[in-house]
Amino acid sequence: MDEIGCRIHVLAIPFPLQGHLNPMLQLCKRLTSKGVRITLVTITSARISVQNQFESIQIEYILDDDNIEAEGSNDSEKAAAFLKWIKIAVSDNLAKLVKEKASSGHPVNIVLYDSMMPWILEIVQGQLGLKGAAFFTQACAVCAIFNHIHRGTLKVPLETSTILLPSMPQLESNDLPSFVYNPSPYPGHLDVVLSQNINLEKSDWLLFNSFDKLENEVEFSFYKIIGIWKFTH
């Protein structure tokens, strides 16, 4: 793996919130231990959170803290504005970063991106001609639940108090993610979470923050649902 890893350069793009940044950093740390070169791309507001934590990971910052201003009259509008801003920021800088790495003698082979930003895959495959790996910070069972909602096999608002889904035990409504069993306090958030499913089948790899011994049956059920067999923990 070390011999193979030393020829691989991964550009990692976490969603810029702490609950997403830390899992991505831990994954990158494991990859570097196998000899993979990692460049992590994040916004300048995350500088304090990640600086000096991982010496083996090169960090590239985009944008300026002073430009981060989520406009809107409520939390839903502010969240939508923030997501739009992140999309513009990454889209405007991704090709430039890839070109810079190629010029430095360390061309990027794979872009590892947080599943909350599925639009990155279109840039990676369509514009840059690279491979893309989607990283889900949640367990596979959670991803499967959101995928069932996305496909309409699980309705929200919930129609019953008990939920039966393939390869899962019977669930009570409050066993489901809060965005699902009680979405009213989080207007617009469920749509953002469900957007992770829009191009799953096109990703070169899917990586989940999970353990195969815990979710073996759910994994294979998920493979079957989305029709893709490139799946990694």
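Remarks
- Pairs over the 22 Å Cα-Cα cut-off, from the set Lys34/Lys202; Lys34/Lys101; Lys84/Lys131; Lys78/Lys155; Lys131/Lys202: Lys34/Lys202; Lys84/Lys131; Lys78/Lys155.
- Rolling a 1.4 Å probe across the protein heavy atoms gives the range 56-197 an accessible surface of 52 Å² per residue.
- For the peptides 111-117, 12-18, 155-161, the ranking by mean Cβ contacts within 10 Å, running from highest to lowest, is 111-117, 12-18, 155-161.
- P(r), alpha carbons of the range 68-215 - 10 Å bins starting at zero, rounded %: 10, 32, 32, 19, 6, 1
- Amide hydrogen neighbours beyond the local backbone of Ile59, cut-off 5 Å, H modeled: Leu40
- The range 81-159, accessible surface, carbon-and-sulfur percent (1.4 angstrom probe): 54
The values are calculated or read from the model by the stated rules, or taken from the named source; none is laboratory data. None of the values given here were measured: they were computed from a predicted structure. No Cβ is skipped: glycine too gets one built from the backbone with ideal geometry, and neighbour counts run over all protein chains shown. Accessible surface areas use protein heavy atoms only, side chains included; no ligands, DNA or RNA. Shrake-Rupley method; radii C 1.70, N 1.55, O 1.52, S 1.80 Å.
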